[in-house]
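The values are calculated or read from the model by the stated rules, or taken from the named source; none is laboratory data. Keep in mind that this is a model prediction, so the values were computed, not measured. Ideal geometry is used to build each Cβ from the backbone, glycine not excepted, and the neighbour counts take in all protein chains shown. Side chains included, ligands, DNA and RNA excluded: accessible areas come from the protein's heavy atoms. Shrake-Rupley method; radii C 1.70, N 1.55, O 1.52, S 1.80 Å.
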Amino acid sequence: MWRDALLVAGKDVRIELRSRVALWQVLPFAVLVLVLFGFALGPGPAALRAAAPGLYWLAVLFSTVLATQRSVAIESGEGTRDGLRLSGIDPAGVFLGKAAAVAIQLIAVQVVLGAGIVVLFDVHLQTWWLALAASVLATVGLSAAGVLYGALSAGLRVRETLLPLLVLPIVAPVLIAGSRAWSAAVSGAVASGASWLKILGPFAAVYLAVGIALYGPLQETA
Amino acid sequence: MDLAVHFRTAVALAGRFPALSGVDLDVAAGEVLAVLGPNGAGKTSLLRACAGLVPVTSGEAVVLGCDLRKDRTLVRRRVGLLGHAPSLYDELTALENVRFAVRATGAGTDRVGPALDRLGLAGRLRRTPAARMSAGQRRRTALAVLVARGPELWLLDEPHAGLDADARAIVGSLVEEAASSGAAVVLTSHEPDLAVPLADRVAVMSGGRVAEERAGGRGAAATERVLVALSQDDVDVA
């Protein structure tokens, strides 16, 4: 399973590096979301600083939808989908590999967005490890949930419009817990922030487990 | 006689629609079977069922000793399917596509280079992304995947389509080499004059079943005899 996951992740990352969709579309989109929300909130620095963690995670969530759509599109051709099924690759390995490739893109997005909220909103993290832990757990959960729901919508003609409807409500706990954990990391309230990791951790674990178990049947029915 | 394919009254569904409606067919190891028939006869569905991509819902369906109704995923690693749409990733080069397909099966990549050479994909062409290849070059790359993987059952859906004369000749020799190495080959075609000369046996499909079976036509005289017999019997082969 791990060998297969590495193979699929390497293939997806290579395809993304070639197509540069993440670089030229997902990243600019994420920054645009951050800037536009900033415009909507007005120039008050206090309001912007308070809203920054929420804006950051909203931008990450929207980027997750784009990165997942791209991940699904890679396998959307009739031939490539059949090729993957005929290769004999463990479906759990396909799931983990695709989730890892999406996670790598989300990490890149978060690095840029992190720099963005520092520059644009003058936000500084007091407890960087809390923010890092929240980001790692959220990234695992978002990529696992995204790829799982991506597989669910893969065979449908309306998948581009359906996927956000499926994914965004499901990842709402990540938005809430990630925003709260980052707010706590900005203010230095470690105890309250750490409690939100108890939502992000199980969310990631559940979606990883469900994905490993269900990706195979979903691949067959898509 | 080892049977690579053994179907008895096999019924398969593509979605909610019947794709095969009671197929009886045997293909022995080392045998080449040409499957002819008009559009919608069930040729592609037969190949996809053999590959375990279309579920067989009733009847008997055994491929390479595995019951397709129970463990079709076990069959997949051992068959090679050349479908209408080549299984290629547009952003990857010919070399990367073949290497990925081979690594996915757990096999070594030492056969990748020779397979690409065999299909005439040398030099810059093997470093060209699939998106920038012509339809014929994409099909050659898809064939190189099969050559590098070396499946026990070759399933070729209209293998001559979109290929130039040179590549068509390569397809012919690949089919012969596969059969002589003990692999079974099932190929479909709308061009009987290309498919029949390669085949030990010819099956004509109609309405999701095998309607006719004849001895094949290796050699020009035998091919002519089969084609004339099919036409005299008014069998719709294309």
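Among the complete DSSP H segments of chain B, which ones combine at least 20 Å of alpha-carbon extent along their axis with a mean Kyte-Doolittle hydropathy of 0.5 or more? Show your work: numbers first, answer last.
Numbers: long enough: B:135-149 (21 Å, 0.04); B:165-180 (23 Å, 0.54).
Helix filter hits for chain B: B:165-180.
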Relative to the compact globular guide of 2.2 N^0.38 Å, what is the alpha carbon radius of gyration of segment A:1-48, as a ratio? 1.84
Between chains B and A, what is the buried accessible area summed over both chains (1.4 Å probe, protein heavy atoms, nearest 100 Å²)? 2000
Quick one: dipole size for the protein assembly as shown, taken about the Cα centre, charges +1 on Lys/Arg Cβ and -1 on Asp/Glu Cβ, in debye to the nearest 20. 1540
Would you tally the net charge around A:Leu218, using a Cβ to Cβ cut-off of less than 15 Å, leaving A:Leu218 out, and scoring K and R as +1, D and E as -1? +1
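Convert 4 °C to kelvin, take the viscosity as 1.567 mPa s, use the Kirkwood radius over C-alpha pairs of chain A as Rh, and evaluate the Stokes-Einstein diffusion coefficient in µm²/s, rounded to a whole number.
Details: Rh = 17.7 Å.
Reported coefficient: 73 µm²/s.
Ordered by packing density, taken as the mean number of other Cβ atoms within 10 Å over each peptide's residues, highest first, how do B:190-203, A:119-132, A:83-96 rank?
Details: B:190-203: 21.6, A:119-132: 16.0, A:83-96: 23.5.
In decreasing order of mean packing, B:190-203, A:119-132, A:83-96 become A:83-96, B:190-203, A:119-132.
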I'd like the FRET efficiency for B:Ala107 and A:Ala46, computed as 1/(1 + (r/R0)^6) with the beta carbon distance as r and R0 of 60 Å, rounded to 0.05. 0.45
Proximal lysines to A:Lys11, defined as alpha-carbon separation beneath 28 angstrom and excluding residues fewer than eight positions away on the same chain: A:Lys98
What spacing in nm lies between the two simple spin-label points modelled at B:Ala211 and B:Ala85, each 7 Å away from Cα in the Cβ direction? 2.9
For a quick check, take a GNM of chain B with Cα springs below 10 Å and name the residue from B:Gly216, B:Gly42, B:Gly65 with the largest mean-square fluctuation. B:Gly65
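Using a 1.4 Å probe on the protein heavy atoms, what percent of the accessible area of segment A:2-220 belongs to carbon and sulfur? Each step should come with its number before you reach the end.
Values: 6790 of 9250 Å².
For segment A:2-220, the apolar C and S fraction of the accessible surface comes to 73 percent.
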The answer for chain B, accessible area per residue at 1.4 Å probe in Å², is 41
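Restricting to Cα pairs below 8 Å that are 6+ residues apart, what does the relative contact order work out to for chain A? Please round to a whole percent.
Numbers: 287 pairs, mean separation 63.6, N = 222.
Dividing the mean separation by the residue count of chain A yields 29 percent.
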Let's test the formula: R0 of 35 Å, r as the Cβ-Cβ distance of A:Val210 and A:Val111. What FRET efficiency results, to the nearest 0.05? 0.80
Label segment B:147-205 by shape, choosing from rounded, prolate and oblate, from the square roots a ≥ b ≥ c of the eigenvalues of the Cα gyration tensor; if a/c is under 1.5 it is rounded, and otherwise prolate applies when a/b is larger than b/c, oblate when it is not. oblate
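Pairwise over distinct Cα atoms, reciprocal of the mean inverse distance: report the Kirkwood radius of segment B:114-238 in Å, one decimal place.
Working: mean 1/r = 0.0639 Å⁻¹.
Mean inverse Cα-Cα distance, inverted, gives 15.6 Å.
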In the neighbourhood of B:Met133 defined by beta carbon distances under 10 Å, the net charge of the other residues (Lys, Arg +1; Asp, Glu -1) is +3
Farthest positive-ward along segment A:2-220 dipole, Cα basis, beta-carbon charges - from A:Leu218, A:Ala92, A:Ile15: A:Ile15
Distance in nm between B:Phe17 and B:Arg218 label points, each 7 Å along Cα→Cβ, equals 3.8
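In deg cm²/dmol, rounded to 500, what helix-only [θ] at 222 nm does chain B give when every DSSP H run of at least 4 residues adds -39500 (n - 2.57) and the total is split over its residues? Present the calculation step by step, with values, prior to reporting the outcome.
Numbers: 8 runs with 83 residues, N = 238.
Here the helix-only value at 222 nm equals -10500 deg cm²/dmol.
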Label model pair A:Ser76, B:Arg69: point-to-point distance (7 angstrom along the Cα→beta-carbon line) in nm is 3.7
Extension reserve of the A:Leu132-A:Glu220 stretch, reckoned as 0.36 nm per residue once the Cα distance is removed: 28.0 nm
For a bin width of 10 Å, list the pair-distance distribution of the protein assembly as shown built from all Cα-Cα distances, rounded to whole %. 4, 19, 25, 20, 13, 9, 6, 2, 1
